[in-house]
Every structure is written in C-alpha cells, then in structure tokens.
Amino acid sequence: MKCLVTFRLKPGVSHDQYEKWFREDNVPAVRKMSSVSSYRVWRAVDAFDAEVERLPEMAAMLEGWYARVANEAIVYAIEVHQD
C-alpha cells in the first residue's frame with residue numbers, strides 16, 4: 001500500500017522550519033511503527049511546473065490527457081533529506 005499526502009505549509013512556516021521538525025520529530029515517531037516499511041517526504045518542484053506551463057507541446061499533451069482521465073492528482077517533487 002502507498003499513501004500520498006499533499007499539503008501546503010501555513011503562512012509563516014518556512015521549508016527549513018518544516019524540514020527540521022520533520023527530521024527531528026516526525027521521522028523518529030513514524031519509524032517506530034511496525035506497519036510502515038518506508039517513509040519519505042518530497043518537496044514540490046516549482047521550476048518543473050513552470051516549464052510544463054511554458055511548453056506548447058506539454059499544453060497539447062495535457063489537453064488530450066485531461067480529456068481521458070478523471071480525479072487526477074499530479075505531484076512533481078524532489079525528496080527531502082530524511083536523516
């Protein structure tokens with residue numbers, strides 16, 4: 001089973017603040033769970049989204065894709081350092 005959770009940080013919470021909390025509090029707590037075999041956090045990549053929006057070929061491809069799918073969720077991300 002895989003679980004993907006997406007969220008935005010609250011105003012005033014920086015990526016660095018969140019990632020510090022994640023490494024110090026979140027990861028140790030989750031690693032104690034026997035039902036979790038792997039746990040990763042990823043950060044969205046704004047540059048990738050911007051490039052997708054800039055390329056006409058991507059716009060055409062996405063138009064065709066959206067005509068064929070429902071309830072889509074698209075996430076582009078880089079892995080956050082875990083240790």
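Bear in mind these aren't lab numbers, they're just calculated from the coordinates by the rules spelled out. Everything numeric here is computed off the predicted structure, so don't read it as measured data. With ideal geometry, Cβ positions are generated from the backbone for all residues, glycine too; neighbour counts draw on all protein chains shown.
Of all the residues in the stretch 1-31, those that are of a type in the set (Phe, Trp, Tyr), in contact (Cβ under 8 Å) with a residue 24 or more places away in the chain and within 16 Å of Val45 (Cα to Cα) number 0. For the stretch 70-83, a residue qualifies if it is part of a loop (DSSP other than H, G, I, E, B) and not hydrophobic (A, V, I, L, M, F, W, C), and the qualifying residues are Asn71, Glu72, Tyr76, His81, Gln82, Asp83. Each residue in the stretch 21-69 was checked for being surrounded by fewer than 10 Cβ atoms within 10 Å (Cβ to Cβ), over 20 Å from the mean Cα position of the chain (by Cα) and outside any helix (DSSP H, G or I), and 7 pass. Of the residues making up the stretch 1-20, those that are exposed (fewer than 10 other Cβ atoms within 10 Å of the Cβ) and of a type in the set (Lys, Arg) are Lys2, Arg8, Lys10.
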